[in-house]
Amino acid sequence: MNSFKYILLVAATIFIASCSEKQARKPISQTSGTFMKESIDRNKKLNEQEKIAITKIIQKDTAFIYNRSEKGFWYAYETKSTENVFPVKGDVVNFDYEITDLYGNIIYTAEELKPQTYYVDKQNIMSGLRNGIKLMHKGDKVKFIFPSQSAYGYHGDDKKIGTNQPIICHVTLNEIKTETPE
């Protein structure tokens, strides 16, 4: 009978112990933040190098007056329209463009890229182009110089545009259609 009590006591102890809450384990290692600091430093250095290269390109190109946008890219009007309407969210725009590297080497021709239809701020396109189109009027032709973070970033486009590659886009805004709510 004593062994029965002993077995019952052990079983009850195991049952009670298994019902208690599990304690969270502490992480084995903690990060010191050095990876993020190194990444930030690397990006700052890259941005500075791109800014220097772009500034040199702008200084050599005396045919145009360049503006710096609030979004960190540069632009110059190759042809300026007399229209006074900018595209806004929800408008549908039609535009042509070509992409070159900073030195004028063609990456994509306008024929390769075909005329584009874009729903302003409702479709996903390159961030620089998304912001640049909103600075244009119908009939404008604008030369945009995008640092890599406004273009295709560290990933590129998986085709012709490489990692961290600044680009130039020559964009012609053909049409702006205002979406009417139904």
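The values are calculated or read from the model by the stated rules, or taken from the named source; none is laboratory data. All figures in this text were calculated on a predicted structure; none of them were measured in a lab. Here Cβ is always computed from backbone atoms with ideal geometry, including for glycine, and neighbour counts include all displayed protein chains. When the accessible area is computed, the model is the full protein with side chains, heavy atoms only, and any ligands, DNA or RNA have been set aside. Shrake-Rupley method; radii C 1.70, N 1.55, O 1.52, S 1.80 Å.
I'd like the residue in segment 6-57 that is modelled with pLDDT under 75 and of a type in the set (K, R) and, out of all such residues, is most open to solvent (accessible area, probe 1.4 Å).
Applying the first criterion (modelled with pLDDT under 75) to segment 6-57 yields 6, 8-33.
Keeping just the survivors that are of a type in the set (K, R) gives 22, 25-26.
Values: K22: 187, R25: 220, K26: 176 Å².
Checked segment 6-57; the qualifying residue most open to solvent (accessible area, probe 1.4 Å) is R25.
Those residues that are more than 20 Å from the chain's Cα centre (by Cα) and free of Cβ contacts under 8 Å to residues at least 40 places away in the same chain, I need them from segment 111-150; list them, please.
Across segment 111-150, the qualifying residues are E111, E112, K114.
Being of a type in the set (V, I, T) and either in contact with a Lys or Arg (Cβ under 8 Å, 6 or more places away or on another chain) or in a loop (DSSP other than H, G, I, E, B) (or both) is the filter here, so list the residues in segment 106-125 that pass it.
I107, T109, V120, I125
It is to be established whether one or more residues within segment 156-170 are within 30 Å of K56 (Cα to Cα), free of Cβ contacts under 8 Å to residues at least 60 places away in the same chain, surrounded by 17 or more Cβ atoms within 10 Å (Cβ to Cβ) and not aliphatic (A, V, I, L, M).
Looking through segment 156-170, none of the residues is within 30 Å of K56 (Cα to Cα), free of Cβ contacts under 8 Å to residues at least 60 places away in the same chain, surrounded by 17 or more Cβ atoms within 10 Å (Cβ to Cβ) and not aliphatic (A, V, I, L, M).
Quick check on this structure: which one of G153, G128, G132 is open to solvent by less than 80 Å² (accessible area, probe 1.4 Å), small (G, A, S) and assigned to a loop (DSSP other than H, G, I, E, B)? Before the answer, list the steps.
On the way: G128 fails: assigned to a loop (DSSP other than H, G, I, E, B); G132 fails: assigned to a loop (DSSP other than H, G, I, E, B).
Among G153, G128, G132, only G153 is open to solvent by less than 80 Å² (accessible area, probe 1.4 Å), small (G, A, S) and assigned to a loop (DSSP other than H, G, I, E, B).
Inside segment 64-82, can you point out the residues that are open to solvent by less than 40 Å² (accessible area, probe 1.4 Å) and in contact with an Asp or Glu (Cβ under 9 Å, 6 or more places away or on another chain)?
So the first thing to find is which residues in segment 64-82 are open to solvent by less than 40 Å² (accessible area, probe 1.4 Å), and the list is 66, 69, 72-76, 81.
Within segment 64-82, A76, S81 meet the criteria.
Hey, F86 hits all of (1) touching an Asp or Glu at 6+ places or on another chain (Cβ under 9 Å); (2) within 14 Å of I176 (Cβ to Cβ); (3) among the aromatic types (F, W, Y) but one; which does it fall short on?
(1)
Out of G90, G104, which single residue is open to solvent by 30 Å² or more (accessible area, probe 1.4 Å) and over 19 Å from the mean Cα position of the chain (by Cα)? Write out each step before concluding.
On the way: G90 fails: open to solvent by 30 Å² or more (accessible area, probe 1.4 Å).
Residue meeting the stated conditions: G104.
So the check is Cβ under 6 Å with 6+ separation or different chains; which pairs have a first residue in segment 65-84 that's assigned to a strand (DSSP E or B) and a second one that's of a type in the set (D, E, K, R)?
Correct list of pairs: W74/R68; A76/K143; E78/K141; E78/K143; T79/K141.
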